[in-house]
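Notes for the one structure printed next.
Nothing in this text is a laboratory measurement; each read-out follows from the coordinates by a stated rule. Bear in mind that the values here come from a model prediction, so they are computed numbers and not experimental data. No Cβ is skipped: glycine too gets one built from the backbone with ideal geometry, and neighbour counts run over all protein chains shown.
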Amino acid sequence: MHEAYLRDVSSIGTREQGRVLVGAPLRTPWAPPGLSEPPGRRRPAIQGKSLVAGDQKLYVRGVTYGAFRPDANGAEYHDLDIIERDFAQMAANGFNAVRIPHTMPPRSLLDAAYRHGLWVMVGLSAEQYLGFVIDRRRDVNPDRVVRDRVRQCVGHPALLAYSLGNEIPTQIARWYGHRRVEGYLKQLYSTVKNEDPEGLVTYVNYPSTEYLELPFLDLVCYNVYLEKQPALEAYLSRLQNIAADRPVILSEIGLDALRNGELAQARSLDW
């Protein structure tokens, strides 16, 4: 049984601290994956509790990239020279994936990722549009927004997965009702699948809303910030139960930087 998990680490030469998406067999020391070939020869797929690319298991180890201050045109990923430099440093440090959390990246970013042997998880920002659904506003249609975003990158050889959204606030989930939140995410899942039937789709959840029942997702992603190893290990076991027969990705983990410092954060990567 394998699981993928996200680790917070210090900057590896990019402009700010990043979050690391890591996958490895349980209790097996991490080693940098081979990056001699670019990804995308085969699209990622699910095989039991593992991700696979072709006939090989895919252990996802990556960095959350952004958010960054947008330029005057609202573009967050506009400097391709910096993107190329950052991706080269990621690949040189053994990472093989990048998570774009809140903004649909331009196709040029996916092209750069492919050149450096990196997979990309793109964010569709469903949490930003739930308010329009609650208020029954018609000026923004979440289905149309998601459809247009998927069309920007469908079929790209560097595409790892689509994330419907990230951490719908627990207050909103409870007030609106978990069934309606689940229905909202399921509708967006169907929208993605209609555009890209073979694409993998997830939603980045967190412990405060673990009660959301989302069995339709292809893989399970959670942000988990627990600062003691026994507590983290216990919650990983719980996530395996929640995920059932699907792969698990810890999309964010880490320690409080001010209280623990970089050394303690680095040591936590050995848990």
The ³J(HN,Hα) series, computed from each phi in segment 229-244 with the Karplus coefficients 6.51, -1.76 and 1.60 at θ = phi - 60°, rounded to the nearest Hz and given as x for glycine or proline, is 4, x, 5, 5, 4, 5, 6, 4, 5, 5, 5, 5, 5, 4, 6, 6
Ranked output for segments 243-255, 115-127, 146-158, 216-228 by mean other Cβ atoms within 10 Å, highest leading, reads 115-127, 243-255, 216-228, 146-158
Computed ³J(HN,Hα) along segment 253-269: with the Karplus parameters 6.51/-1.76/1.60, θ = phi - 60°, integer Hz and x for glycine or proline, the list is 9, x, 10, 4, 5, 5, 7, 9, x, 5, 5, 5, 4, 5, 5, 5, 5
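Working out 0.36 nm times the residue gap between Gln152 and Ser190, then minus their Cα-Cα distance, what length gain in nm do you get to one decimal?
12.0 nm
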Most packed first (mean Cβ within 10 Å per residue), the peptides 66-76, 83-93 order as 83-93, 66-76
Phi-derived 3J(HN,Hα) across segment 84-89 with the Karplus relation (6.51, -1.76, 1.60, θ = phi - 60°), rounded Hz, x for Gly and Pro, is 4, 5, 5, 5, 4, 5
Any aspartates and glutamates whose Cα falls less than 13 Å from that of Lys49, other than same-chain ones fewer than 8 residues away, would be Glu3, Asp218, Asp245
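How big is the dipole moment of segment 84-168 about its Cα centre under a simple scheme where the beta carbon of each Lys and Arg is +1, that of each Asp and Glu is -1, and everything else is neutral? Debye, nearest 20, please.
Working: 11 positive and 9 negative charges, 50 e Å.
Roughly 240 debye for segment 84-168.
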Counting sequence-distant residues (5 or more places) and residues on other chains, those with an amide H built under 5 Å from that of Ser163 are Val122, Gly123, Leu124, Thr202
